Amino acid sequence: MLAKFQVFTKVHNRWPAKGDRPAGESFNLLLLDMSKPSKHALRDMYQYRLTDEEKTQYWGKLDGKMLEVGVNEINNGDRGPVLRGAIVSVADK
């Protein structure tokens, strides 16, 4: 699914090891759906999990920018849905 989003802010999460699970961290973008017509846009904000390659390229550089994202997975996390996929394009507005 291709979707257009505006980057609201970035979110860095860390969690400790628990039981068999190792400690970890994630680098996410908090996104606002900018689909047209706007009456059909998703109303909540969604986190997009950056891949290691995307983190190197984009982390700290996308606030307020428009993204086209190829979404291929939606995971339900503790803090709401997390999108996974690939950033297809970046524009200023």
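The values are calculated or read from the model by the stated rules, or taken from the named source; none is laboratory data. Please read all numbers here as calculations on a predicted model, not as lab measurements. Cβ placement follows ideal geometry from the backbone for every residue including glycine, while neighbour counts extend to all protein chains displayed.
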- Take Arg43 and decide whether it is assigned to a loop (DSSP other than H, G, I, E, B), loosely packed, with under 12 Cβ neighbours inside 10 Å and modelled with pLDDT under 95. yes
- Task: Identify, from the list Met45, Met34, the residue that is farther than 18 Å from Val11 by Cα and not basic (Lys, Arg).
- Result: Met34
- Which condition does Gln57 not pass, out of (1) at pLDDT 95 or above; (2) assigned to a loop (DSSP other than H, G, I, E, B), if it passes all the others? (2)
- Message: Please verify whether Asp44 is without any contact (Cβ under 8 Å) to a residue 24 or more places away in the chain and closer than 19 Å to Gly85 by Cβ, treating the condition exactly as stated.
- Response: no
- Residue in the stretch 50-65 that is out of contact with any Cys (no Cβ under 9 Å at 6 or more places or on another chain), exposed (fewer than 12 other Cβ atoms within 10 Å of the Cβ) and closer than 13 Å to Ala3 by Cβ present: no
- Message: Among the residues of the stretch 36-63, what is the count of those that are touching a Lys or Arg at 6+ places or on another chain (Cβ under 8 Å) and under 17 Å from Val90 (Cβ atoms)?
- Response: 6
- Note on the structure: Per the filter on the stretch 3-18, residues modelled with pLDDT of 90 or more and under 13 Å from the mean Cα position of the chain (by Cα) are Ala3, Lys4, Phe5, Gln6, Val7, Phe8, Thr9, Lys10, Val11, His12
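Yes/no per residue for (1) of a type outside the set (Gly, Ala, Ser); (2) under 15 Å from Leu32 (Cβ atoms); (3) in contact with a Gly (Cβ under 6 Å, 6 or more places away or on another chain):
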| residue | (1), (2), (3) |
| --- | --- |
| Glu54 | yes, no, no |
| Lys65 | yes, yes, no |
| Gly70 | no, no, yes |
| Glu73 | yes, no, no |
| Ala86 | no, no, yes |
| Ser89 | no, no, no |
| Lys93 | yes, yes, no |
- Query: Does Arg21 fit the bill of being surrounded by 14 or more Cβ atoms within 10 Å (Cβ to Cβ), among the charged types (D, E, K, R) and modelled with pLDDT under 95?
  - Reply: no
